[in-house]
Amino acid sequence: MPMMPSALEEAEISNVFTSLVNPTGITIVPCSPTAKPLKTITDVKNTLQQGRKQDLKYILRNNAWPVDHPIRNQMWPLLCTQHQNEKSSNSVEGFYWEMVRQVFGTMELPDKPINLPPFVEPSHCHSYYLTHRGKAAVDRIVSVLGYAYPDIVYSPTIYSICALLLHYISEEECYNCMVCLVVCKEKTFITQTKLLYEVTWKTVMQISKKHVKGPAVFLQRHCNSARAERIYMDWIWWIFQGLPFQHLIRIMDCFFHEGIKVFYRTAMAILILFYKSTTNPSSEYQVEIQKNGVESALLKFCKEIPVTPQKFLKVAFGIRGLSSAYISRVFIRTEMVLKSKTVISGSRQLVRSRSSENLPNSQSQNNIQMVSHTLTIRERMPEEMYDDMLLTLWSWLPVRITMYTPILLYTTEEHGCSLTTFYVRVEQHEPTLLLIKTCNNEVFGAYCSSRWCERNQKDQRGNRQAYFGTGETFLFSLYPERAKYPWVGIDADRVEHGAELFMAADTKMITIGGGEGQAIWMDENIRFGKTDRCTTFNNPPLCPKGDFEIRVLEVYGFATEQ
């Protein structure tokens, strides 16, 4: 049974939590006497330092540290900072306080409420067990984040995650952890635009309908489609607003290592357990559904969830067939569909809008202008047509990439026509954007998701891998036709090997796309090329004749340091 702490225990608990927490309302669920000994911070550090990320995942999922366990004081910063950019200056001691001084003119906590950045959801500023000073500290961290990262347009979970971190670590550590989560590009922790937030709830809805069909059908049966969508829209608040504190803390243990997919599994575990609780027609949740609707019953269930945090995680991580690759595929497909709708419904409007969903940050228009200085590509094109063409290309890029500044890495005009030079200048960058202009003025290219240096990687037998890359790679044509050709696997759960040939390169050529043809092939002198239909992208030839002579090749990288 959960127990409220005694006066003596309260003093011990307060040593675990920061001075910004009022621990009197925190329910303590002690470890089972028969449970295995819990792993220590030394175990976690060693596992992380040895690069055993799968083992660390297992440790975090299976060690039921209670909410008053001291391990989180060190473990949470350790898990967050593993995702940081090593060159970032944000983790330098004192950097945060210098930012505070810049934004507020003082390092003292303000007495009056702070005007929070517009990306915060005012109705969901959950502070949990923080004191008044604790809430003021969250306000200050979130405001500094908004100042330091003006590209964040909409991020409703930032406030809650900050508040949870502040239960165990200092204000400066909390800020540094949040920066690591915001700028991480290997995996998603925090969505930063309304478009991506919409992608997340639609992803939850789609994978729930496939992997937890019974609960999803039950939800649909008790409301119309529009109402069901409204319920899924609030999926993140089932977790941050609904679940008990001890469950939420264990979820965060896993989240800081694995990313947003932990929340997806959490949402589906809630649906599974909620569905089970409604099988009896006379259950309190069936009564609540009849009285106030399924949405109210679901939130009531979250708050009263009848299983321990560890049992809850077991349900969440026990859902079969829910691989990271599958989730990523659904996410990318959903993002592409939503972006396509936005482009079709108002591409001209985007030119005038600084904060459009397809250009999610204030820097994006400047980023497009930086690319637009590419005079060789824009030659003989009306300016309006050229700008619209670039805007369309930008709308096709993954949203997280549009937040970064494009850098011209290589151009045949300046760096010569040589694959050797191409590799020297380009191979360490990920992703890259290749733009080709032919001698017949066709313009086309590819977004390449992986580093070109992966051409040198070897398989288990010591042989070089012919192809590399991921399903985020895509082809495009800009002139005279304008079209995007994504990976065919985005629309299918399984694809043949011939449809997974994304990128290939050696000393003699570069290839993008394969299987029954090559979408783009260029020779070692970057002078001649050919384009065919290929299985990977199911594209037509990108220029009418198939064979082409290259007038200019330009390759862009993206500066991921803020």
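The values are calculated or read from the model by the stated rules, or taken from the named source; none is laboratory data. Small disclaimer: the values here were computed from a predicted structure and weren't measured. Backbone-built Cβ (ideal geometry, glycine too); neighbour counts: all protein chains shown. Only protein heavy atoms, including side chains, enter the accessible area calculation; ligands, DNA and RNA are left aside. Shrake-Rupley method; radii C 1.70, N 1.55, O 1.52, S 1.80 Å.
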Given (1) out of contact with any Ser or Thr (no Cβ under 6 Å at 6 or more places or on another chain); (2) buried (at least 16 other Cβ atoms within 10 Å of the Cβ); (3) touching a residue at least 24 places away in the same chain (Cβ under 8 Å), Ile251 misses just (1)
Of (1) surrounded by fewer than 14 Cβ atoms within 10 Å (Cβ to Cβ); (2) part of a loop (DSSP other than H, G, I, E, B), Glu98 fails just (2)
Note: among Gly214, Gly259, just one is small (Gly, Ala, Ser) and at negative phi, namely Gly214
For Asp139, the lone unmet condition from (1) assigned to a loop (DSSP other than H, G, I, E, B); (2) over 21 Å from the mean Cα position of the chain (by Cα) is (1)
Condition set farther than 21 Å from Asp523 by Cα and without any contact (Cβ under 8 Å) to a residue 60 or more places away in the chain, scope segment 392-429, selection surrounded by the fewest Cβ atoms within 10 Å (Cβ to Cβ): answer is Trp394
With criteria (1) closer than 26 Å to Thr420 by Cβ; (2) open to solvent by 20 Å² or more (accessible area, probe 1.4 Å); (3) out of contact with any helix residue (DSSP H, G or I) (no Cβ under 7 Å at 6 or more places or on another chain), Gly529 comes up short on (2)
- [ ] Looking only at segment 206-223, decide whether some residue is among the β-branched types (Val, Ile, Thr) and within 26 Å of Ser123 (Cβ to Cβ).
- [x] no
In segment 145-158, residues that are open to solvent by less than 10 Å² (accessible area, probe 1.4 Å), part of a helix (DSSP H, G or I) and more than 15 Å from Phe256 (Cα to Cα) total 1
Output for Cβ contacts, cut-off 8 Å, separation at least six or different chains, first residue assigned to a loop (DSSP other than H, G, I, E, B) in segment 279-308, second of a type in the set (Ser, Thr, Tyr), reads Ser283/Ser277; Pro306/Ser277
Looking across segment 36-70 at residues that are part of a loop (DSSP other than H, G, I, E, B) and among the basic types (Lys, Arg), the single one that is most open to solvent (accessible area, probe 1.4 Å) is Lys36
Taking segment 493-511 and the residues there that are touching a Ser or Thr at 6+ places or on another chain (Cβ under 8 Å) and surrounded by 12 or more Cβ atoms within 10 Å (Cβ to Cβ), the one that is modelled with the lowest pLDDT would be Gly498
Cβ pairs under 6 Å, 6+ apart or interchain, first in segment 212-228 and touching a residue at least 60 places away in the same chain (Cβ under 8 Å), second open to solvent by 80 Å² or more (accessible area, probe 1.4 Å) and aromatic (Phe, Trp, Tyr), ordered by first then second residue, are Gly214/Tyr275; Pro215/Tyr275; Phe218/Tyr275
Residues of segment 438-456 being part of a loop (DSSP other than H, G, I, E, B) and either open to solvent by 10 Å² or more (accessible area, probe 1.4 Å) or modelled with pLDDT of 90 or more (or both), in sequence order, are Cys439, Asn440, Asn441, Glu442, Ser449, Arg451
Of the residues in segment 20-60, those that are among the β-branched types (Val, Ile, Thr), farther than 30 Å from Thr131 by Cβ and modelled with pLDDT of 90 or more come to Thr42, Thr47, Ile59
The condition from (1) more than 24 Å from Pro150 (Cα to Cα); (2) assigned to a strand (DSSP E or B) that Glu413 misses is numbered (2)
* Test result for Ile260, touching a Pro at 6+ places or on another chain (Cβ under 7 Å), in contact (Cβ under 8 Å) with a residue 24 or more places away in the chain and not hydroxyl-bearing (Ser, Thr, Tyr) -> no
Leu435 passes all but one of the listed conditions (1) part of a strand (DSSP E or B); (2) out of contact with any Asp or Glu (no Cβ under 8 Å at 6 or more places or on another chain); the exception is number (2)
By residue number, the members of segment 169-196 that are over 20 Å from Trp237 (Cα atoms) and open to solvent by 10 Å² or more (accessible area, probe 1.4 Å) are Ser170, Glu171, Glu172, Glu173, Asn176, Val183, Cys184, Lys185, Glu186, Lys187
Does Tyr275 satisfy the criteria of being part of a helix (DSSP H, G or I), open to solvent by 40 Å² or more (accessible area, probe 1.4 Å) and modelled with pLDDT of 90 or more? yes
